[in-house]
1. Would you calculate a helix-derived [θ] at 222 nm for the protein assembly as shown, using -39,500 (n - 2.57) for each DSSP H run of n ≥ 4 and dividing by the full residue count, to the nearest 500?
2. Once Lys and Arg get +1 and Asp and Glu get -1 on their Cβ, which of A:Ser234, A:Leu200, A:Asn464 lies farthest toward the positive end of the dipole of chain A?
3. Per 0.36 nm of contour for each residue apart, how much would the distance between A:Glu181 and A:Arg51 grow if the chain were fully extended, relative to their Cα-Cα spacing?
4. Once the piece of chain linking A:Glu474 and A:Asp554 is laid out straight, how much longer is it, given 0.36 nm per residue of separation minus the C-alpha distance between them?
5. Using θ = phi - 60° and the Karplus curve 6.51 cos²θ - 1.76 cosθ + 1.60, what whole-Hz ³J(HN,Hα) does each residue of region A:353-368 get, with Gly and Pro shown as x?
6. So in chain B, what percent of DSSP beta bridges are antiparallel if you round to the nearest 5?
7. By how many nm would the segment from A:Arg726 to A:Gln409 grow when fully extended, if each residue of separation counts as 0.36 nm and the alpha-carbon distance is taken off?
8. Given H placed 1.01 Å from N in the peptide plane, which residues other than close sequence neighbours of A:Met353 have an amide H under 5 Å from its amide H?
Amino acid sequence: MLQENPAEPTAFLRHGGECGALIAARDWSASLGDPARWPQALKTATNILLRSPVPMAMLWGEDGIMLYNDAYSVFAGGRHPEQLGMKVREGWPEVADFNDHVMKVGMAGGTLQFRDQELTLHRHGRPEQVWMNLDYSPVPDDAGEPAGVLAVVIETTARVAAERQQRVREQRLRFFDRLSETVRVLRGPDQIMGETARLLGEELRASVVAYADMGEDQDRFTIRGDWASPGSKSIVGSYRLEDFGPTAFNNLRAGRPLITRDTLAELGPEDGKGLLALGLGATVCMPYVKNGRLTALMAVHQLTPRNWSADELDMINEATDRSWAHVERVRTEAVLRESEQRFRNMADNTPVMMWVTDQKGHCTYLNRRWYEYTGQAPGEGEAMGWLNAVHPEDRPAAERVFMDSAGRQVDYQIDFRLRRADGEYRWVIDAAATRFDAQGRYMGYVGSVIDIDERRETEALARNSEATLRSVIEQMPIGVATARVPSGETIEFNDTLREILGHPQGPSGASKVDRFGGVTESGEPLPPERYPLHRAACLGETVVNDEFRYRRPDGEVVHLLANAAPVLGSSGKAEIAVLTIQDVTERHRAEQHQRLLIDELSHRAKNLLAIIQSVAQQSFKGEAAPAEMLRAFEGRLGALAAAHGILTRRNWESAPIKQIVCDTITAVKADDERLRIDGPTLMVSPKTGVSLAMAVHELTTNAVKYGSLGVTGGSVTVRWEIVDGRLRLEWIERGGPPVQQPTRRGFGSRMIERALAAELGGKARIEFNPEGVVCTVDAPLPEGA
Amino acid sequence: MSRIAGKRVLLVEDEALIAFALEDMLLLLGAQVVGPAFRLDEAVELALTSELDGAILDVNLNEQRSYAVADELARRGIPFIFATGYGEEGVRWRDEPTTVLAKPYRQDQIEAALNRLLA
């Protein structure tokens, strides 16, 4: 079909679309001549080109006359259809050099191929960046010599642009990856912003990147830190938004960025004064708005004007948002950390074991007490490590209850044995409460662990000390009872008290101590309010040394000494009252006895004084010389004293006759061989003893003065015997001077014949026989003799 | 002259020496002494049988009380005085007021007491 059709020489232009028709209609005389006469090679190539859907152009001849198809015409844009038939160097003047090179190579038989060749074309009257795949190959004429160049042109601008966009995007992603990687580990807001500024500045090759906090007044702001490229100056300091001109003020206050590509040109010297003063030829100042308020700023500055791309602006915007958000998060975290720290500090100083879990049921924290108690290494109890301290037998149950409760998010309590640091397992109560955050979201558990063995031991100890107290009370040598306040119901009664009160069973539980046998002075039953324990328990009195009489069930009346008082419990309130009772009956008797003794002593003393008075009265009467009377009185007192001495040594019970006689005589006349004293052991009553002594004394002094003891060779025999159940006592003097009857019966005679006789209940007489005085006593045997 | 002269006074005193002194005092005052009785039975006998104007009774007679004597004297309407080393508290004879003379006593005390008693 490409064969020449002689009948239709321009048939090769048929079916050539719009371009085929244009070629056919064109007058080619000035360049290629009548198409009907074109060389066959050109006709064939044109026919192929016109029919191809691929944009193609034939550049024929040295000038590269342009023949192209409909697909190419689209590519030619506004240049079509004029471009058809034009010399290629003129058809694309903006790339004439490029095409010149193509023509030269092609006409020389070479081929050229370009992939994504970037060209700037003015297809629509304005410069346009385009990318193309270009293939150039020579087309031989009928003689086989290169006569033209066939260009296959495929525009790749859209693809290349997409690829470029992708690259920018990837670059941006890498940048933000780098940024987050860098600031992730940073905690201080200044560090985070400082690093963000540095990375942004380096990425954008900016002059200065600064960040600032807005003041409360929404006007003042402080540039806390910045990054400045080498050769640029830092702009750290405090500023006012107002000073940056109305454009900056209005934009930023409204939350819009302030962007200049050429500050002076766009804002003029007045409006741009603030930026220009800092030497900023171009700037992107991004506001950070939170809750409708301008909170912070991030600014990227260039000292020279700069045409910020949309990508760059996006990047700055995103970096601003990200970094400030990060700063806020860090600040919030710091607050949280502080409150967490506060919680831990508190929890660590709590004497109770505490723990906290997260939502998953993992222990995230156990307090210091837990680790001290269990001896686990720090952190060992976390996650499920706490179970390691639980007794192996209790562990499955502990774990099950825990997991089950956590699954249902309910509070729980469980007892198990927990291993203490010393290896001992102790019973504990583990009580856990669910915790929720401010939004009501389940956050896990907070729990406490209490050693109940400790409590049990304390209770046991208390019980033990109670038992000790009870046994102490039980063994006390005085009576002890306790009663409840204020009922007066008795609780405790010790054995001593039972013994004292004579109630072997003690009172039964509910009985009161006032049911017993207290009696008043007059023998009436003691009224309840007089009972010491009643007074202490029911009336709150303290009873000190109260004595009362008490009739035991066996009828014996005893004297009791009571003390009672309410006992203050740990609550500061009296719960019981305690009573102590002593049986003071014996003491009472002893006291009475003592009183009797004292009375008796007083009586005796007075009696003795009366006797002395009497002795004196009788010694000092008559006509004897006063000195003699005094001597007689003293002698009699001596006898009296000697008799009393004997009686005192013998407890005033009785006196042996022999001792009375001997002691009385020897008090007057020292032991003398002229004396013969003899008789059986016989006792007389104290009073008789005194009378006997006084009588013997009178006889002795008389014998010394007038009788047988006044001379050598005289003798006195005192003897007594029991004859026919009667006492016979004789005083017989021999060998003395002749005795004369006394003219007057004196004290001695009276003492013997009346007093002694009356005392003994018998007879006594003195005979003044010339050969010597004889005194005889005849009386019934003294009682107890 | 006192009312005592010629009056018959019973003397009951278990302590011989005291009895003698009292006897001497009464004799000096011109009284006639009945006794002295040293023992309770002796004293009761005299109180029953003697003609008496008054009496001085020691309360304690060898661990016994002389109340039986007092009873008899009271029955006979014969006035008497208790004499005791215990003082007034030592006398527990009926509830009637009695004169109690505390030992040791002086002669003027005896005289005054007897004068009142025999009035």
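What follows is calculated from the coordinates using simple rules that are stated; it is not laboratory data. Please read all numbers here as calculations on a predicted model, not as lab measurements. Counting neighbours? That spans all protein chains shown, and the Cβs are built from the backbone with ideal geometry, glycine included.
1. Details: 25 runs with 348 residues, N = 904.
Using -39500 (n - 2.57) per qualifying helix, the result is -12500 deg cm²/dmol.
2. Selected residue: A:Asn464.
3. Extra length from A:Glu181 to A:Arg51 when fully extended: 41.0 nm.
4. Numbers: separation 80, 0.36 × 80 = 28.80 nm, distance 2.33 nm.
This chain segment gains 26.5 nm when fully extended.
5. Along region A:353-368, the couplings run 6, 9, 8, 9, 10, 8, 4, 7, x, 8, 5, 9, 7, 10, 6, 4 Hz.
6. Numbers: 2 of 18 bridges.
For chain B, the DSSP antiparallel bridge percentage is about 10.
7. Numbers: separation 317, 0.36 × 317 = 114.12 nm, distance 11.83 nm.
Taking A:Arg726 through A:Gln409 to full extension adds about 102.3 nm, to one decimal.
8. A:Val449
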